[in-house]
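Here's the structure we're looking at; comments come further down.
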Amino acid sequence: MNRDLIRNIATVAPSRKQECKVEYARTQDLWRKNRSKCLRMLLDDTTGVHVPPKEVMVPFWQTVMTSSTSTSPGNDASIPTIDNLWIPIIAPEVFAGQYYVR
C-alpha cells in the first residue's frame, strides 16, 4: 500500500460515537480502580460544557434558594388543589376516561 494512504488513514479522527465509547470505557475502568479519582474527574471535567461565570450564578441561585416562595422562577402559575382525592371512582368516570387513553 501507499505510505501516504496509510498515514492518512491513521490520522482520521474518530467519530463522536467512538469518542463516547472510549470515554465511557475509561470512566468505567477508573470507577473500578479508584472511585474518588473517577468522581473528581467527572466533577472537574468541563470539556464541551459552557459554564456561566460565578458572578452570574451565585446571585441567581441565592435568590432562588433564599426566596420565600415555593415555586421556581418563571413558574408562578397557581397549582390547583385537588379535593377529595381518595373518593371512589365510579363506572361513568371510567368510561369517560377511556376516550382520552386511546
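The values are calculated or read from the model by the stated rules, or taken from the named source; none is laboratory data. Given the structure is predicted, the values throughout are model-derived calculations rather than measurements. Glycine gets a Cβ as well: all are built from the backbone with ideal geometry, and neighbour counts include every protein chain shown.
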> How about segment 23-34: which of its residues are loosely packed, with under 11 Cβ neighbours inside 10 Å and either aliphatic (A, V, I, L, M) or modelled with pLDDT under 85 (or both)?
Replying inline: Ala25
> Do we find that Lys37 is in contact with a helix residue (DSSP H, G or I) (Cβ under 9 Å, 6 or more places away or on another chain), assigned to a helix (DSSP H, G or I) and either at pLDDT 90 or above or surrounded by 10 or more Cβ atoms within 10 Å (Cβ to Cβ) (or both) in this structure?
Replying inline: yes
> Can you tell me which of Ile82, Ile87 is modelled with pLDDT of 80 or more, exposed (fewer than 10 other Cβ atoms within 10 Å of the Cβ) and either within 20 Å of the chain's Cα centre (by Cα) or not in a helix (DSSP H, G or I) (or both)?
Replying inline: Ile87
